[in-house]
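In what follows, a single structure is set out as structure tokens and then discussed.
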Amino acid sequence: METVGKDKSLSATITRIALLAGTYAVLTMLPPFSSFGYGPVQVRVSEALTVLPFLFPWAKWGLYIGCIVANLASPFLVWDVTLGALASLISGVLTERMPNAYLAPLPPVLVNALAVAAYVAPLSGLGYWPVFCHIMLGQAVSCYVFGLPLLMFLMRNPHFTRRLQ
């Protein structure tokens, strides 16, 4: 009987990961969001979801997979699918280790600005620091303006968080 419980729990976790991956990809790829989700100046509404590993460690995998799928539409295809998605995974690992909710958005802001600017700047023919600043600003908007309120809402409403554990 114990195996059935573990299988059901594993199935539920895989389902959550898939749903989060799909949500991230859709929020990145579909208009009107796609018009400002790629390039040296970007604000991905989907990046608001990057705070979720703070509460749900499984969420980093959904964000990683979602980022891979979303980046299939990127003009920097190979770079975004590999390095961009890896930056999202590293951000997720760091986000789940943050000591408090107010710091949870910080890893996606910094890691993505550092990593994504490293390949988008030369591929766009632009300087690293301007691209870094634009990506960091876009990430800060997504993660702090949208993501932090989402995180606070989830923390104040345990009904939602219990179901997603």
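The values are calculated or read from the model by the stated rules, or taken from the named source; none is laboratory data. Remember, it's a predicted structure, so these values are computed and weren't measured experimentally. With ideal geometry, Cβ positions are generated from the backbone for all residues, glycine too; neighbour counts draw on all protein chains shown.
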Discussion item. Can you confirm whether VAL111 is within 14 Å of CYS143 (Cβ to Cβ) and modelled with pLDDT under 95?
Written reply: no
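Quick check, is LEU83 assigned to a helix (DSSP H, G or I) and either touching a strand residue (DSSP E or B) at 6+ places or on another chain (Cβ under 7 Å) or hydrophobic (A, V, I, L, M, F, W, C) (or both)? Talk me through it step by step, then tell me what you get.
Details: assigned to a helix (DSSP H, G or I): yes; either touching a strand residue (DSSP E or B) at 6+ places or on another chain (Cβ under 7 Å) or hydrophobic (A, V, I, L, M, F, W, C) (or both): yes.
Answer is yes for this residue.
Select, from PHE76, PHE56, the only residue that is touching a helix residue (DSSP H, G or I) at 6+ places or on another chain (Cβ under 9 Å) and touching a residue at least 60 places away in the same chain (Cβ under 8 Å). It would help to see each step written out before you state the result.
Details: PHE76 fails: touching a residue at least 60 places away in the same chain (Cβ under 8 Å).
Matching residue, one of PHE76, PHE56: PHE56.
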Practice prompt. With the checklist (1) over 24 Å from ASN157 (Cα atoms); (2) crowded, with 20+ Cβ neighbours inside 10 Å; (3) of a type in the set (A, V, I, L, M, F, W, C) in hand, flag the one item PHE36 doesn't pass.
Written response: (2)
Worksheet, complete the sentence: Residue count, segment 1-48, condition part of a helix (DSSP H, G or I), modelled with pLDDT of 75 or more and more than 14 Å from the chain's Cα centre (by Cα), comes to 8
Fill in: Unmet criterion (only one of (1) under 15 Å from the mean Cα position of the chain (by Cα); (2) surrounded by 16 or more Cβ atoms within 10 Å (Cβ to Cβ)) for VAL145
(2)
Fill in: Residue, surrounded by the fewest Cβ atoms within 10 Å (Cβ to Cβ), within segment 49-78, restricted to residues that are of a type in the set (Phe, Trp, Tyr) and in a helix (DSSP H, G or I)
TRP61
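Could you tell me whether any residue of segment 95-118 is in a helix (DSSP H, G or I), buried (at least 23 other Cβ atoms within 10 Å of the Cβ) and of a type in the set (Ser, Thr, Tyr)?
So the first thing to find is which residues in segment 95-118 are in a helix (DSSP H, G or I), and the list is 95-96, 101-103, 106-118.
From the residues that got through so far, the ones that are buried (at least 23 other Cβ atoms within 10 Å of the Cβ) too are 95, 107-109, 112, 116-117.
With of a type in the set (Ser, Thr, Tyr) added as a condition, the list becomes 95.
Yes, segment 95-118 contains a residue that is in a helix (DSSP H, G or I), buried (at least 23 other Cβ atoms within 10 Å of the Cβ) and of a type in the set (Ser, Thr, Tyr).
Look through TYR128, TYR102, TYR119, TYR144 and report the one residue that is over 12 Å from THR50 (Cα atoms) and without any contact (Cβ under 8 Å) to a residue 40 or more places away in the chain.
Details: TYR102 fails: without any contact (Cβ under 8 Å) to a residue 40 or more places away in the chain; TYR119 fails: without any contact (Cβ under 8 Å) to a residue 40 or more places away in the chain; TYR144 fails: over 12 Å from THR50 (Cα atoms).
Sole residue among the options that is over 12 Å from THR50 (Cα atoms) and without any contact (Cβ under 8 Å) to a residue 40 or more places away in the chain: TYR128.
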